[in-house]
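Encoded as structure tokens, the structure appears first; notes follow it.
The values are calculated or read from the model by the stated rules, or taken from the named source; none is laboratory data. All values derive from a computational prediction rather than experimental measurement. For neighbour counting, all protein chains shown are included, and Cβ atoms are generated from backbone atoms with ideal geometry for every residue, glycine included. We work out accessible area using only protein heavy atoms, side chains counted, and drop any ligands, DNA or RNA first. Shrake-Rupley method; radii C 1.70, N 1.55, O 1.52, S 1.80 Å.
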Amino acid sequence: MNYMILFSMVLPVLAGFILLFLPDNLFVNRQYLIRVTGVAFVICALVAILVISGAVGQRLLLFFLIDEIPVYFAVDNLGRLFAGIVILVFLLAGFFSFVYMSHEKNEKRYYSFYLITFGVLMGLCFAGNLVTLYLFYEFMTLASMPLVLHSGSKEAVMAGLKYMFYSFCGAYMALFGIYFLYQYACVFETTGAEFSASSDMTRMMGFVAGGWLDTHAVAQSGNIEMCLIAVFLMIVGFGVKAGCFPFHAWLPTAHPVAPAPASAFLSGIIVKGGVLALVRTVYYCVGADFLRGTWVQMIWGILAVVTLVMGSTLAFKEKVLKKRLAYSTVSNLSYILLGLSMLNMTAFTGSLLHVIFHAVIKSALFLSAGALIFITGRTKVNEYMGLGKRMPVLFWSYTIVSLGLIGIPPTSGVVSKWYLAIGCLENDLVGLSWIGPAALLVSALLTAGYLLPISVRGFLKEPDYEAVRNDYKEPHLMMLIPIGLLAVITFVLGLYPTPLIQWIQNEIAVGLF
């Protein structure tokens, strides 16, 4: 089973490169390309499912960078959670793209990098230490950038370069923190080149519940403040991928130019790479106790609140649908960051719940936007009046996931926001304990203001121009089923969240607080 971990990463990357370099004349018949790619999607997803279902606790050494720093992989429950989300969105957005990409050029290239990105994300989820995570974090940027600049237009190329520049700059900030923290990693003996299931990996910056930072050594050295600065740089650096202020600008630039299924994958999954890196850094490397009550926690929380309200406000003012959803992602990722910054069990539970719910909901919203753009060619939010009467399933699915993002019962969003608000109130930080819940409420109202008018106009308004033509109808089933399935998941997780909450608290959060 150990080598299945590696296989789950290598297989999609290898499949992507093979597809990329196959001659285009082999796929003169587009249906042949779709069948081959669809089989590759399913096989890669099944291999990853086998890993997350049967490899808990397994470790696999790949090689040593230096004597004490290996590149290795380990499967734990946090990695399984993120990998499961990746697999779900990968499959649904992938099958959606088989119809959507029919009007795009370089379709084979898109599927190739889509597969490669999936393999890299598996490596990120199963990274066994901080160095391995950093390597795959950088690979994730390189693999996903072609999805942003796919169209090849000037705007797409500039957006792709902006995405790369922001991501690399953030990663370099995090790299400084890794360099600095390495000297304070707890020292344990290991079994050498082979890692047994009982080997303690802390000397090699492996992920340990509660962290491996030797706080006694930090205190003796007198470098507590420098250590806090290093951690803060890592939080800000990894927060770039999660769209945290002031490094959020790449998100609203990248989404409008990327194909809709790529936007769903970026917003639902890629940005969660930054969240995973933050969770690993704070809770599995440094430890929550080291940061609790410090200026790092306070500034982190303030940045999250500012980004949360700012993103919702900009989304409310934005008229282009995909750009509006991109600003919404900026806001909702800060829900997660706010919860993580509280450093308590309740808020942590809310953050991981929102990781899941946001991935499902935002993927559905971007796919819905893609379906509307594909059918009508219209991109602005006020151009869909009356369409709900011709596309009731699409608009009802959009409405359900919109209610989920707002946080209206019985959809899933209300559960994560409840835990986030209670977690903020349980915190002792002056001001943030009540500003946090207030910001969540303001953001929820703004979310209702920028999502629900599309449904209202779609169902209740009559078009004042030729917006509803006779040939406008429900999208193809391969587009509609993924959106509908995500809407059902949003509703079901809102009705039955308890098993998921208990699993997070009993299997992931143990030892972190």
If only one of Thr349, Thr411, Thr447 is more than 30 Å from Gly287 (Cα to Cα) and assigned to a helix (DSSP H, G or I), which one is it?
Thr447
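Wholly within the stretch 206-313, which helices (runs of 4 or more DSSP H) include no fewer than the required count, namely at least 2 residues that are within 20 Å of Val355 (Cα to Cα) and open to solvent by 40 Å² or more (accessible area, probe 1.4 Å)? If you could, list the steps in order and put the result at the bottom.
Values: elements: 215-221, 224-241, 250-257, 260-265, 271-281, 288-291.
Because the criterion is at least 2 residues that are within 20 Å of Val355 (Cα to Cα) and open to solvent by 40 Å² or more (accessible area, probe 1.4 Å), no helices (runs of 4 or more DSSP H) in the stretch 206-313 meet it.
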Complete set of residues in the stretch 370-390 that are crowded, with 24+ Cβ neighbours inside 10 Å and touching a Leu at 6+ places or on another chain (Cβ under 8 Å)
Ala371, Leu372, Tyr384, Leu387
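Here are Ala260, Ala304, Ala288: which of them is within 30 Å of Met101 (Cβ to Cβ) and touching a residue at least 60 places away in the same chain (Cβ under 8 Å)?
Details: Ala304 fails: within 30 Å of Met101 (Cβ to Cβ); Ala288 fails: within 30 Å of Met101 (Cβ to Cβ).
After ruling out the rest, the residue left standing is Ala260.
Looking for whichever is under 21 Å from Leu62 (Cα atoms) and open to solvent by less than 30 Å² (accessible area, probe 1.4 Å) here; the options are Tyr137, Tyr114. Which one fits?
Working: Tyr114 fails: under 21 Å from Leu62 (Cα atoms).
One residue alone meets the criteria, Tyr137.
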Of (1) open to solvent by less than 50 Å² (accessible area, probe 1.4 Å); (2) out of contact with any Gly (no Cβ under 6 Å at 6 or more places or on another chain); (3) at pLDDT 85 or above, His150 fails just (3)
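When you scan the stretch 379-396, do you find a residue that is within 15 Å of Ile336 (Cα to Cα), among the aliphatic types (A, V, I, L, M) and at pLDDT below 95, even just one? Please lay out each step first, then the result.
Of the stretch 379-396, the ones within 15 Å of Ile336 (Cα to Cα) are none.
No; the residues of the stretch 379-396 include none that is within 15 Å of Ile336 (Cα to Cα), among the aliphatic types (A, V, I, L, M) and at pLDDT below 95.
Suppose we keep only residues that are open to solvent by 70 Å² or more (accessible area, probe 1.4 Å) and of a type in the set (Phe, Trp, Tyr) within the stretch 408-434. Which one would you say is modelled with the lowest pLDDT?
So the first thing to find is which residues in the stretch 408-434 are open to solvent by 70 Å² or more (accessible area, probe 1.4 Å), and the list is 409, 418, 425-426, 428, 430, 434.
Next, from what is left, pick out any that are of a type in the set (Phe, Trp, Tyr): 418, 434.
On the way: Trp418: 94, Trp434: 87.
The selected residue is Trp434.
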In the stretch 1-35, how many are farther than 30 Å from Val75 by Cα, open to solvent by 70 Å² or more (accessible area, probe 1.4 Å) and not in a helix (DSSP H, G or I)?
2
Test each condition in (1) touching a residue at least 60 places away in the same chain (Cβ under 8 Å); (2) under 25 Å from Val275 (Cα atoms); (3) open to solvent by 10 Å² or more (accessible area, probe 1.4 Å) for Val56 and report the one that comes out false.
(1)
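Condition check ((1) surrounded by fewer than 22 Cβ atoms within 10 Å (Cβ to Cβ); (2) touching a Lys or Arg at 6+ places or on another chain (Cβ under 7 Å)) across all residues:
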residue: Glu68; (1), (2): yes, yes
residue: Arg80; (1), (2): yes, no
residue: Phe90; (1), (2): no, no
residue: Phe95; (1), (2): yes, no
residue: Phe98; (1), (2): no, no
